[in-house]
């Protein structure tokens, strides 16, 4: 079985594949510092709680945007699974050509999302990831990563509201019943959610218009992506496991 690890700024998302089938997923927070032993024991515990034996994991692939955790995480995989993980980066076949001005500045997670969307849904594709940041990445019909937009994520915007405005509380991020809010919590929810919907529709429209591409598939992923995808027709596909699937597809290319 293949263990995939997506190391993001907020969470590390794990997926276990048996062939092409995603068997289970689980998460742990990224910001808590851990030793390699703590990582190893935690990963094994979560795998076994999902009825998967430690010995059944035969391959591991990782994409990370958080360099600080990689030494401990990789050491855990080597020590507890006896596997040297494939790490998405220079020298790894992804099926995506990056043709931006500085390809090294494009995060591994964005390359993985692009690879997953292109392989699963074809191109041209516009890939939206509603994570810590909200990213919009354009892949052409040949599989080239041609442009990307980066915006503050919904949680970053929410955190800025309640940390920088003394009287604004922490809130649940969800769509309120009406945009015509009449109290503080729903007014914040309206601003965050409807603001993100408006941003999404405008950026998607502008990127497609300026690229001149026809029949662009707009594919969204990320934890809060479902909220936005349900509220706009500009998103064609919502795939919560796009990054994990992209990691699997990239791993298969290494064979």
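Structure summary
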read-out: Residue 159 vs. criteria at pLDDT below 95, part of a loop (DSSP other than H, G, I, E, B) and surrounded by 11 or more Cβ atoms within 10 Å (Cβ to Cβ); value: no
read-out: For residue 52: the one exception among (1) touching a residue at least 40 places away in the same chain (Cβ under 8 Å); (2) under 30 Å from residue 143 (Cα atoms); (3) surrounded by fewer than 21 Cβ atoms within 10 Å (Cβ to Cβ); value: (2)
read-out: Filter pass, residue 100 being over 30 Å from residue 195 (Cβ atoms) and in contact (Cβ under 8 Å) with a residue 12 or more places away in the chain; value: no
read-out: Residue match in the stretch 215-228 (condition: more than 18 Å from the chain's Cα centre (by Cα) and surrounded by fewer than 18 Cβ atoms within 10 Å (Cβ to Cβ)); value: yes
read-out: Output for the stretch 196-212, where each listed residue is free of Cβ contacts under 8 Å to residues at least 60 places away in the same chain and part of a helix (DSSP H, G or I); value: 197, 198, 201, 202, 205, 206, 209, 210
read-out: Answer residue from the stretch 198-235, given it is closer than 26 Å to residue 180 by Cα and either outside the structural domain of residue 135 (by TED's automatic domain parsing) or in contact with a helix residue (DSSP H, G or I) (Cβ under 6 Å, 6 or more places away or on another chain) (or both) and is modelled with the lowest pLDDT among those; value: 224
read-out: Filter pass, residue 117 being under 16 Å from residue 11 (Cα atoms) and in contact (Cβ under 8 Å) with a residue 24 or more places away in the chain; value: no
read-out: Among (1) surrounded by 14 or more Cβ atoms within 10 Å (Cβ to Cβ); (2) under 19 Å from residue 253 (Cβ atoms); (3) modelled with pLDDT under 95 - the single one residue 91 does not satisfy; value: (1)
read-out: Members of the stretch 242-255 that are surrounded by fewer than 18 Cβ atoms within 10 Å (Cβ to Cβ) and in contact with a strand residue (DSSP E or B) (Cβ under 7 Å, 6 or more places away or on another chain); value: 254
read-out: Every residue from the stretch 33-51 that is assigned to a loop (DSSP other than H, G, I, E, B) and touching a helix residue (DSSP H, G or I) at 6+ places or on another chain (Cβ under 9 Å); value: 33, 34, 35
read-out: Residues of the stretch 20-32 classified as under 19 Å from residue 87 (Cβ atoms) and in a strand (DSSP E or B), total; value: 1
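Yes/no matrix, rows are residues, columns are (1) surrounded by 18 or more Cβ atoms within 10 Å (Cβ to Cβ); (2) free of Cβ contacts under 8 Å to residues at least 40 places away in the same chain; (3) assigned by TED's automatic domain parsing to the domain that holds residue 225; (4) under 21 Å from the mean Cα position of the chain (by Cα):
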| position | (1), (2), (3), (4) |
| --- | --- |
| 78 | no, yes, no, no |
| 107 | yes, no, no, yes |
| 131 | yes, no, yes, yes |
| 134 | yes, no, yes, yes |
| 142 | no, no, yes, no |
| 147 | no, no, yes, yes |
| 172 | no, yes, yes, yes |
| 178 | no, yes, yes, no |
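The values are calculated or read from the model by the stated rules, or taken from the named source; none is laboratory data. Keep in mind that this is a model prediction, so the values were computed, not measured. No Cβ is skipped: glycine too gets one built from the backbone with ideal geometry, and neighbour counts run over all protein chains shown.
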